[in-house]
Structure formats: structure tokens, C-alpha cells
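Undergrad: Got a structure for you, written out below as C-alpha cells; questions coming shortly.
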Amino acid sequence: MAETKIGKEKVKKILVIKLRGIGDVVLSTVVLNNLRKDFPNAQIDYLVETPSMPGLAGLKDVKQVLIFERKDFWKKVSLISRIRKNHYDLVLDFFTNPSTAIITFLSGAKYRVGFPYRGRTYAYNIFGPAERGKYHAAQLHLETLKLIGLSHKEKELHYFISTSALLFAEKYFSSVFSDTDFVVGVCPTGGWVSKKCDPEKFAEIADAIKSKYNSKILILWGHSDEDDARKIQQLMKHESVFAPSTSIQELAALISKCKILIANDSGPMHISTAVGTPVLSLHGPTNPLMQGPFGEKHEWIQLTELECINCNLLDCPRKHECFLEMPTDKVLAKVTNLIHKNNLNPLP
């Protein structure tokens, strides 16, 4: 197939496709500032699954958020019809699975960008990198833009927080903490069991941070993680604050108020990078070079010496050594790095 060159002056409407997890979608927003450079007046829409919509819907560079219903065939048919009627000039399929390949192929767009994965190349006339596992998940989007001749230098991530969520966080922090408190968020959320640090280790880490930096520990949680969050608080030797039940927007707002966040490889970890809160991510079965926090202001830690590390298994067949044997002093050293590189001033 002959190489297709994008005529920038012909692009008036763009659709970005990114399905699955909230964190994956956050990482894809690295393209927005770059697209706006090349297409200053174009309409940019997104196609995502429902949980990711709140973080996109209010962004100034996103006009419309379309929802992909994974289990509803007729809604998929309706979605394709809607996309065709929207007359997109450029579709960027950063997911490239069988469903999104079909959607892209039937979109009617002049420029259809995807990855050259087997059985799906029919859908695209412009391709991103063929290599898998070579780039960080955010960087892969930038490498795609670079390969197809678009701007790719901007590295800012985005996550929209509503005014009501920000007011909720302001009110909560003012009622629980003082202005001088060094608040460290601890978030045990994780997409699957094996990549969630055990509550015992989280409690140990939180106690160490509390002792060294005289900080206030705020335990943050999602609805599927409440039991783990409560166990962390129960296991801690020091006092901590248990956050209230929140929406994803309110959770993002609370994260934005923390000085730093300690989190698993998860949506909240990536949200933290997007809202500007320095984060230390704890990694076991997932590769931090591929899925870790994006940006120089953050840190990650992993027991790289374990022979089973980066296994990517949903359930650990061993004893979860990747987290349970993680030395707390090394975690604390990473926290110290995080504080120093971001010029933070915890209380003595």
C-alpha cells in the first residue's frame, strides 16, 4: 500500500478511539496538545467506555465524547451509524482491536490511523509503530504522531475535574486538615488482584511515611477497594484519615489536593500524573517502564530482582513476594526522592 500523507488543511473533524481502563484513556490524552498544534480549529471527539467519560467531557479541546457499549450489539451498530454521520476526516484508533478496527473502517474517514496488528490492517491507510512492548504506553501515542508526520513534542496529560468536585475536595480538606498539613494520599485501587499491593504492606509504608515526615495519611479508595482501604487503616500503628465515598471526579479532586500519592498501577495513579500530584507507583506484575507514571516528577518502585517480575498474571500463583517483600526503607527512599525533586516541604 502506498504511503498516505495527511493533508492538515483538509482535517476539520478528528475522532480519537481509546477503550478499556481509565488510566489507559488518561495516557492517550497526551495527543491533545499536539493535535491542537496541527489542527487549531478542528473538532476533536473521543470514543471511550463509560467509566472514562467524566475525565474527558469537560476538557476544552474535546468537543464530544462518544460511548462504546461493549456488550450491546445494536448500540454498536447505532454507534457506527452516528460516527459515519459525523463525517470525521481523521480517525486515530489507539486501541486497534477487532471492534475498533471495524468502526474505523466503516467511519468513512479519509485518514484512518491504527497499529499494523494481524488481521486488522484492512481498516487503516496509515499505521503507527509495529513494535509492541518497546515504548511506554503514553509515549507510544507520541511515537505514532511522529511516524505519521504530526506534532509530537508536547507531553502533558489531561483529566477534567468538575467545579462541584473541586468544591467538594476544598470543603473536605478544610474541614479535616489545616493549611500546613503535609497530606499523603494512599490508594489501594487496582484493576486486578495481583497488581494490588497487600494492605499489610500499604499500612507499613504509610506508617513509615507518617513517622519520617510527620505527615497526615489520607486513605483513598474506590467502591471495589473499600475493604482493603479499611484493612490498611486497621493495620496502621499511627492515626490516619479514611476518605469518604466519592465519585471518580471527587476522587480525582481529592488526589489533586494531596502533596503526594502512593498508589498501585491503576487509574488513580495515572489521574494523579494528569492533575499534577507527584505519585509513587508500586509495581509487581506490570512493567513500570511501560505502564508506570508518565513524567519526570514521579517515581516508581519494583523488586526487579525477582525472577517472576512483570509476569502480567491476573492472580499470583506464588506468595505475592513482589509486594510483600518490597523493602519499606527503599520505598521511603523513593518518597524522599519524590519530595526533593518536586521541592516539597513536609513538616519536620
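Undergrad: Could you check what % of the DSSP bridge pairs in the stretch 8-147 are antiparallel, to the nearest 5?
TA: Here the antiparallel bridges make up roughly 0 percent for the stretch 8-147.
Undergrad: Further question on the same structure: Can you tell me the orientation of helix 248-257 relative to the chain, as the angle in degrees between its alpha-carbon axis and the longest Cα principal axis, to the nearest 10?
TA: So the inclination is approximately 60 degrees.
Undergrad: Before anything else, pin down the relative contact order of the chain: Cα pairs under 8 Å, at least 6 apart, normalised by residue count, whole percent.
TA: 16
Undergrad: Over 29 Å between Cα atoms, which of Lys18/Lys155; Lys18/Lys319; Lys237/Lys257; Lys13/Lys76 qualify?
TA: The pairs that break the limit, which is 29 Å between Cα atoms, are Lys18/Lys319.
Undergrad: When a/c is below 1.5 the answer is rounded, else prolate if a/b is larger than b/c, else oblate, so apply that to the stretch 8-147 with a ≥ b ≥ c taken from the square roots of the Cα gyration tensor eigenvalues.
TA: It is rounded, given that a/c, with a ≥ b ≥ c, falls under 1.5.
Undergrad: Fewest Cβ neighbours within 10 Å first, please rank Ser224, Ser151 accordingly.
TA: With the sparsest Cβ surroundings first, the list reads Ser224, Ser151.
Undergrad: Taking other Cβ within 10 Å of each residue's Cβ, how do Met269, Met53 sort, fewest first?
TA: If I rank by nearby Cβ atoms, fewest first, I get Met53, Met269.
Undergrad: Then there is this: Only sites in a loop by DSSP and with at most 11 other Cβ atoms within 10 Å count here; which GluC sites (Glu not before Pro) in the stretch 123-214 make the cut?
TA: Working: sites: Glu131, Glu143, Glu154, Glu156, Glu170, Glu200, Glu204; in loops: Glu131, Glu154, Glu156.
Qualifying residues, ordered by number: Glu131.
Undergrad: Right, another one. Net charge near Arg82: determine it from the other residues with C-beta under 15 Å of the C-beta of Arg82, scoring Lys and Arg +1 and Asp and Glu -1.
TA: On the way: positive: Lys13, Lys63, Lys75, Lys76, Arg84, Lys85; negative: Asp45, Glu69, Asp72.
After counting each charged neighbour, the total is +3.
Undergrad: Can I ask one more? With N denoting the number of residues in the stretch 163-341, provide Rg(C-alpha) divided by 2.2 N^0.38 Å, to two decimal places.
TA: On the way: Rg = 15.1 Å, N = 179, 2.2 N^0.38 = 15.8 Å.
The stretch 163-341 yields a ratio of 0.96.
Undergrad: For Arg132 and Ser164 in the same chain, what is the full-extension length gain: residue separation times 0.36 nm, less their Cα-Cα distance, in nm?
TA: Values: separation 32, 0.36 × 32 = 11.52 nm, distance 4.00 nm.
So the extension gain works out to 7.5 nm.
Undergrad: Can you list, bin by bin at 5 Å, the percent of alpha carbon pairs in the stretch 1-65, starting at 0?
TA: Computed distribution, short to long bins: 4, 17, 27, 22, 14, 10, 5, 1.
Undergrad: Also: Largest first and in whole Å, give the semi-axes of the chain's equivalent ellipsoid, each being the square root of 5 times a Cα gyration tensor eigenvalue.
TA: After scaling each eigenvalue by five and taking roots: 38, 22, 18 Å.
Since every read-out is calculated from the coordinates, none of them should be taken as a lab result. Worth saying up front: this structure is predicted, and the values here are computed from it rather than measured. For neighbour counting, all protein chains shown are included, and Cβ atoms are generated from backbone atoms with ideal geometry for every residue, glycine included.
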